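The values are calculated or read from the model by the stated rules, or taken from the named source; none is laboratory data. Given the structure is predicted, the values throughout are model-derived calculations rather than measurements. In this analysis, Cβ positions are derived from the backbone assuming ideal geometry, glycine residues included, and neighbour counts consider all displayed protein chains.
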Amino acid sequence: MTDIKSMKLYTHLGRIYRELGELGIMVDDELSVDQLSAFDQLHYHGTQALDVAMAMLGVDGGQRWLEIGSGLGGPARYLAAYSDARITALELQPDQHEVACNLTERCGLSQRVEHVCGDFLDYDRASASFEAIVSWLALYHIPDRPRTLLNCHRLLVPGGRFYTEDLIARGDIGDDQRKLLQRDLYAITLRRIDQYQRDLEKAGFEVELCTSMSSNWAEYVRLRLAAYRADRARHLRVHGEAAVNAMAEFYLAVNRYFQSGKLGGLRLCARKPET
Ligand SMILES: C[S@@+](CC[C@H](N)C(=O)[O-])C[C@H]1O[C@@H](n2cnc3c(N)ncnc32)[C@H](O)[C@@H]1O
């Protein structure tokens with residue numbers, strides 16, 4: 001089985017501290033969510049994507065939200081800062097979890113964001129613990145989709161919402177291509193958009209919105225690669241050769257898969273029925 005660290009985005013985590021250093025922010029300094037948001041969002045379109053989710057889900061006071069695959073904690077901090085919700089941020093990788101805890105504490109948000117390190121497949125908090133479950137570019141990493149969705153259904157209150165932006169397959173993907181996608185993107189569960197929607201319905205959800213993001217994200221990753229290459233000299237000065245080569249290879253691979261027409265994405269919102 002491929003290791004998640006074969007995906008180069010998850011190496012050289014010190015990048016975020018180097019970027020903050022460029023702004024004159026030292027390791028123990030206090031921080032704001034807005035200072036961080038250019039560096040701590042590991043999905044497409046950064047906080048704009050989170051604004052879309054908040055508009056769709058509503059941000060009524062006192063809600064409890066779970067984010068699956070919370071990375072460096074960027075989405076969880078932003079949601080906590082711009083809503084009244086309390087966020088549980090679940091992250092598999094201990095090194096990312098540790099960075100996330102440090103940044104959240106320095107933002108003064110530790111009372112609003114609870115960081116938990118673990119695998120969602122083992123996550124056994126009490127049933128009906130959350131009004132919403134959200135996830136950006138994480139569910140495609142998790143091997144057992146039926147079990148993942150049944151656990152989401154169990155964890156939500158009746159009427160609760162499930163919201164995700166995730167990677168999907170477009171058409172059939174051969175075994176060789178799947179192996180490469182596992183190595184470069186740790187893509188373990190890639191479903192087509194129609195299958196994704198059906199999986200949710202089978203788990204007991206009513207799908208309210210299911211939109212393809214494939215063309216939009218193909219353009220986003222193309223421009224991201226071009227911008228990273230154009231600024232290579234600056235990145236080398238800040239991060240050094242090993243980190244820059246890792247990121248450049250990652251952006252190149254993602255762009256290649258999107259432009260091949262085999263990889264795409266979706267935005268989906270579903271509801272657990274009241275009864
Ligand atoms: C592409 S990152 C996105 C992070 C965050 N959602 C964001 O948008 O900034 C996906 C994250 O999901 C985490 N992840 C993968 N499998 C997981 C699992 N089974 N349980 C919890 N987290 C998981 C990864 O470790 C990674 O940090």
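Out of all the residues in the stretch 121-142, is one or more surrounded by fewer than 15 Cβ atoms within 10 Å (Cβ to Cβ), farther than 25 Å from I193 by Cβ and of a type in the set (A, V, I, L, M)?
yes
Just one of the numbered conditions (1) more than 12 Å from I188 (Cα to Cα); (2) away from the ligand (no atom under 12 Å from the Cβ); (3) of a type outside the set (S, T, N, Q) is not true of W136; which one?
Here W136 clears every test but (2).
How about the stretch 123-172: which of its residues are in contact with a Ser or Thr (Cβ under 7 Å, 6 or more places away or on another chain) and of a type in the set (S, T, N, Q)?
The answer is S135, T164.
A quick yes/no check of all residues on (1) free of Cβ contacts under 8 Å to residues at least 40 places away in the same chain; (2) of a type in the set (S, T, N, Q); (3) assigned to a strand (DSSP E or B):
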site	(1), (2), (3)
Y163	no, no, yes
D176	yes, no, no
L190	no, no, no
Q195	yes, yes, no
E208	no, no, yes
Y228	yes, no, no
A243	no, no, no
C269	no, no, yes
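So that you can scan it fast, the table gives a plain yes or no per residue for (1) at pLDDT 95 or above; (2) farther than 20 Å from C107 by Cβ; (3) in a helix (DSSP H, G or I):
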position	(1), (2), (3)
M26	no, no, no
L31	yes, no, no
Q35	yes, no, yes
Q41	yes, no, no
Y44	yes, yes, no
G61	no, yes, no
W65	yes, no, no
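Is one or more of the residues making up the stretch 46-59 in contact with a Lys or Arg (Cβ under 6 Å, 6 or more places away or on another chain), among the aliphatic types (A, V, I, L, M) and under 15 Å from W136 (Cβ atoms)?
Yes: one or more hits.
Looking only at the stretch 83-129, count every residue that is part of a helix (DSSP H, G or I), more than 15 Å from the ligand (Cβ to nearest atom) and under 19 Å from T148 (Cα atoms) and tell me the total.
The number of residues fulfilling the criteria is 0.
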